[in-house]
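This is the structure I have questions about; it appears just below.
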């Protein structure tokens, strides 16, 4: 499965999906957790992190194995 560099802490699971006429497993990331990582690690503001995700992560297609990035996930620790 394809991983986003430096964002392992934001992985919330896996999904088995249909993409390009194939059934595949992809990683699922929490965008809220990515925001937290960017704010802590890269010293971004909330707005900067949100914009960075929208421009550089959500719209990126890296082939059939592109992970899923979702907003609104409430994990066990939230």
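What FRET efficiency comes out for the pair residue 41/residue 16, r = Cβ-Cβ distance, R0 = 25 Å, nearest 0.05?
Once the sixth-power term is evaluated, E becomes 0.25.
Can you tell me the relative contact order of the chain? Whole percent, Cα pairs under 8 Å, sequence separation 6 or more.
RCO, the chain: 35 percent.
Right, something else. Sorted by mean Cβ packing within 10 Å, highest first, what order do the peptides 52-65, 23-36, 4-17 take?
Values: 52-65: 11.6, 23-36: 17.7, 4-17: 13.6.
For the peptides 52-65, 23-36, 4-17, the packing ranking is 23-36, 4-17, 52-65.
As a test of the formula, what do you get for the chain when each DSSP H run with n ≥ 4 contributes -39,500 (n - 2.57) and the sum is divided by the residue count, at 222 nm and rounded to the nearest 500 deg cm²/dmol?
Helices in the chain give a 222 nm mean residue ellipticity of -6500 deg cm²/dmol.
Which label marks the calculated value of P(r) over Cα pairs in 5 Å bins from 0, in percent, given the options (1) 3, 15, 26, 24, 18, 9, 4, 1, 0; (2) 3, 14, 20, 24, 17, 11, 7, 4, 1; (3) 3, 15, 28, 29, 16, 6, 2, 0?
Step by step, P(r) over Cα pairs in 5 Å bins from 0, in percent for this structure corresponds to label (1).
Every number in this text was worked out from the coordinates using simple rules, so none of it is lab data. Everything quoted here is computed from the prediction, not taken from an experiment. Here the Cβ is made from the backbone with ideal geometry for all residues, glycine too, and neighbour counts use every protein chain on show.
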